[in-house]
1. So which strands (runs of 3 or more DSSP E) stay within the stretch 194-284 end to end and still have 1 or more residues that are closer than 30 Å to Thr169 by Cβ and touching an Asp or Glu at 6+ places or on another chain (Cβ under 9 Å)?
2. Kindly indicate which of Tyr128, Tyr109 is crowded, with 21+ Cβ neighbours inside 10 Å and aromatic (Phe, Trp, Tyr).
3. For the stretch 30-53, enumerate the residues that are of a type in the set (Gly, Ala, Ser) and within 17 Å of the chain's Cα centre (by Cα).
4. Assess whether Ile132 counts as being over 24 Å from Tyr239 (Cα atoms), part of a helix (DSSP H, G or I), of a type in the set (A, V, I, L, M, F, W, C) and over 16 Å from the mean Cα position of the chain (by Cα).
5. Here are some residues: Leu218, Leu176. Which one is on the phi < 0 side of the Ramachandran plot, open to solvent by less than 30 Å² (accessible area, probe 1.4 Å) and touching a residue at least 40 places away in the same chain (Cβ under 8 Å)?
6. Are any residues in the stretch 92-106 farther than 26 Å from Tyr239 by Cβ and either open to solvent by 10 Å² or more (accessible area, probe 1.4 Å) or not hydrophobic (A, V, I, L, M, F, W, C) (or both), and if so, which ones?
Amino acid sequence: MSFRQMYEEKYMRFPQGKAKALSFSYDDGVKADKKLVGILDKYGLKGTFNLNNLLFDCENWHGRMDEEETYKTFSGGNHEVAIHGARHIFLDKVPLAEAVNEVLQNRLYLENKFKKIVRGMAYAYNGYNDKIIEMLKGLGVAYARTTENTHGFSLPQDWLKLNPTCHHTDAEIGALSDKFFGSSPDGEFKHREPWFFLVWGHSYEFDDDNNWQVIENLAKRAAKSGDVWFATCGEVYDYCKAYERLVFSLDGERVFNPSHISVWIEIRGKVYEVPAGGEVEFEK
């Protein structure tokens with residue numbers, strides 16, 4: 001019998017068997033978001049926009065949109081709206097009860113305004129600690145993005161510490177893009193885990209720096225890739241949790257998917273779709 005141990009490992013693959021996912025996470029709900037949404041829509045990409053509900057009309061704070069302008073920009077359904085705190089404060093620098101109210105008000109507003117469940121978040125000023133994380137669990141927050149760049153493509157071990165790959169002004173974004181679009185975990189001998197490229201920032205920075213070409217060029221390149229899943233942060237989270245719920249037979253040769261969405265898995269060099277509520281036996 002030939003040695004084949006490495007082929008027994010099972011690796012999550014994104015929808016349609018893709019090994020890479022790309023998402024964008026942008027903060028504050030400013031007027032420049034309208035142009036950013038237009039670029040993402042043009043190339044079929046998706047983003048998560050983290051909003052404050054008590055700072056509408058603060059045009060002197062990076063040109064924030066008013067309430068109705070914000071609703072019109074993000075109500076189309078292509079993109080995710082997420083929590084950023086009602087007032088954009090450091091959650092770790094106020095009494096815990098005040099931090100609870102900050103997140104609670106923000107989530108309630110977004111859910112009532114956009115008529116959908118909101119479970120994602122980005123930490124304003126990257127203000128969090130262990131107490132804040134425990135608080136978020138109690139408030140039903142599923143994931144929270146930090147500003148701590150990894151310069152890598154690994155999925156988070158803790159979704160309430162979702163570290164992005166890089167900011168769009170990062171000096172390494174070109175090299176990271178080259179690696180992401182030019183190679184794949186499918187080409188690795190070991191460590192074939194899927195890649196997640198998460199770019200974050202504030203859209204007003206494109207105006208301030210006069211560099212909209214950064215996001216436009218990245219979007220063009222992504223649209224031509226063909227092997228990348230374009231998703232919101234919330235969609236990536238939900239998909240990963242669906243994969244984690246897979247149930248395997250003791251010998252690892254059969255899998256059942258109890259979730260409501262299909263999940264893809266790679267084993268022994270072959271990718272399988274495991275349909276919602278379905279069971280699959282792998283080829284030996």
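1. On the way: elements: 195-201, 228-230, 254-256, 263-267, 270-274, 279-281.
Output list reads 195-201, 228-230.
2. Details: Tyr109 fails: crowded, with 21+ Cβ neighbours inside 10 Å.
Only one candidate qualifies: Tyr128.
3. If we filter the stretch 30-53 for residues that are of a type in the set (Gly, Ala, Ser), which is where we start, we get 32, 38, 44, 47.
Result: Gly44, Gly47.
4. Details: over 24 Å from Tyr239 (Cα atoms): yes; part of a helix (DSSP H, G or I): yes; of a type in the set (A, V, I, L, M, F, W, C): yes; over 16 Å from the mean Cα position of the chain (by Cα): yes.
Here the answer is yes, as Ile132 does meet what is asked.
5. Values: Leu176 fails: touching a residue at least 40 places away in the same chain (Cβ under 8 Å).
None of the other options fit; the residue is Leu218.
6. Narrowing the stretch 92-106 to residues farther than 26 Å from Tyr239 by Cβ: 92-102, 104-105.
The answer is Asp92, Lys93, Val94, Pro95, Leu96, Ala97, Glu98, Val100, Asn101, Glu102, Leu104, Gln105.
The values are calculated or read from the model by the stated rules, or taken from the named source; none is laboratory data. Being a predicted model, the structure only gives us computed values, none of them experimental. Glycine gets a Cβ as well: all are built from the backbone with ideal geometry, and neighbour counts include every protein chain shown. To get the accessible areas, we keep the full protein, side chains included, count just its heavy atoms, and leave off ligands, DNA and RNA. Shrake-Rupley method; radii C 1.70, N 1.55, O 1.52, S 1.80 Å.
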